[in-house]
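Please read the structure below before turning to the comments.
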Amino acid sequence: MTKFLPGPGELPRVVRRTANRAQAEEWAYVLTALGILHEIRDEDGEHAVAVLPEDVAAAERALEAHEAERARPAARAEREYGPSLLWLAYAALLASFHFATGPRDESAAWFARGSSQADAVLRGEWWRAATALTLHADYAHAVGNLVAGAVLLWALARRIGPAAAAWIALGSGVLGNALTAAVVRRGYVSVGASTAVFGALGALAMLQAVARRRMVLIALGAGAALLGLLGTGHDADLFAHLFGFAAGGVLGLAASPLARNPPRRTFLQPLLALGALAALAACWKIALRA
């Protein structure tokens, strides 16, 4: 609190009154921070905050802004499903598959029947769009998709649960490969989980855009920037990455209610996530029998 002696004709003007001493001292603290001369007067059982006449307008603005800030409701913490083991299951799946299939070899049954060959997909061998997600050209290819996919699936499952995250990754990967086959049509063969990885990235970008509507362009722009940075290299499947990202965005938009109201942590979540693995296994069963 600052005591002042008004000059001739400078009678202090009261800007706030309260019966609460702590409230009066809070107002005084605000005025002190702004360098406005003031004092607290005890009048008839109340505490009055007074300032010089020329400071009344500035004091009123400062105190109104302070009170408006205090009245503003605190931002609600974002609800989340919480941690899950989906990222670990994904990493184990890619590692075990690469250990079993080895590097790319078109003469091996795994690659001959499981690669995403555009002309074969268009002839009706739709399962290739799924089976290709588990095959990788070499060790570096597998490790890159394993690490990136594990991080993105960890974040996605934390927001909407492992069930939706697993199906979004699988669905965006399949759609991305199928759309690529439809566009490229001939002479295109693809393997790798990167289509699903970029699908998870697209879903996360869309969920962030929906949650922060004022930042929709920033969220989607950041996702697109990562797509450009990581998905357009010399050996990258540009179309597959682009379509996977777009499919993930659409599926992420469809799953956005789960980000606002995450599912309960019950046994159904990992069970439904395992359903995506079962669907992938069914596709491989068809591929190896074809």
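The values are calculated or read from the model by the stated rules, or taken from the named source; none is laboratory data. Bear in mind that the values here come from a model prediction, so they are computed numbers and not experimental data. Reconstructed Cβ throughout: ideal geometry from the backbone, glycine too, with neighbour counts over all protein chains shown. We work out accessible area using only protein heavy atoms, side chains counted, and drop any ligands, DNA or RNA first. Shrake-Rupley method; radii C 1.70, N 1.55, O 1.52, S 1.80 Å.
Charges were assigned to the Cβ only: +1 to each Lys and Arg, -1 to each Asp and Glu. The resulting dipole of the chain about its Cα centre is roughly 1440 debye. The mean accessible area for residues of the chain, using a 1.4 Å probe and ignoring ligands and nucleic acids, is 54 Å² per residue. For segment 109-171, a simple Cβ point-charge model (Lys and Arg +1, Asp and Glu -1, everything else neutral) yields a dipole of about 200 debye relative to the Cα centre. With a simple spin-label model that places each label point 7 Å from the Cα along the Cα-to-Cβ direction, the separation between ARG265 and TYR139 comes to 3.8 nm. For the Cα atoms of the chain, what angle does the longest principal axis make with the long axis of helix 21-33, in degrees from 0 to 90, nearest 10? Helix 21-33 sits at roughly 80 degrees to that axis. Principal-axis analysis of the Cα atoms of the chain puts helix 216-230 at an angle of about 40° to the longest axis.
Given contacts defined as C-alpha pairs under 8 Å and at least six residues apart, what's the relative contact order of the chain, whole-number percent? Can you show the working numbers first?
On the way: 485 pairs, mean separation 53.4, N = 290.
Across the chain, relative contact order equals 18 percent.
Please sort 105-115, 261-271 by packing, taking for each peptide the average over its residues of neighbouring beta carbons within 10 angstrom, highest first. Working shown, then result.
On the way: 105-115: 15.6, 261-271: 13.3.
Packing order, densest peptide first, comes out as 105-115, 261-271.
Helix 162-184: angle to the longest alpha-carbon principal axis of the chain, degrees 0 to 90, nearest 10? Approximately 60 degrees, to the nearest 10.
Across the accessible surface of the chain, with the other protein chains kept in place and a 1.4 Å probe, carbon and sulfur atoms take up 64 percent.
Counting pairs of alpha carbon atoms under 8 Å apart in space and at least six apart in sequence, what relative contact order in percent does segment 71-202 give? Walk me through the intermediate numbers first.
Values: 205 pairs, mean separation 46.8, N = 132.
About 35 percent, as a whole number.
Going through (1) 64, 19, 14; (2) 34, 31, 17; (3) 35, 20, 18, the figure that equals semi-axes √(5λ) of the Cα gyration tensor in Å as computed for the structure here is (1).
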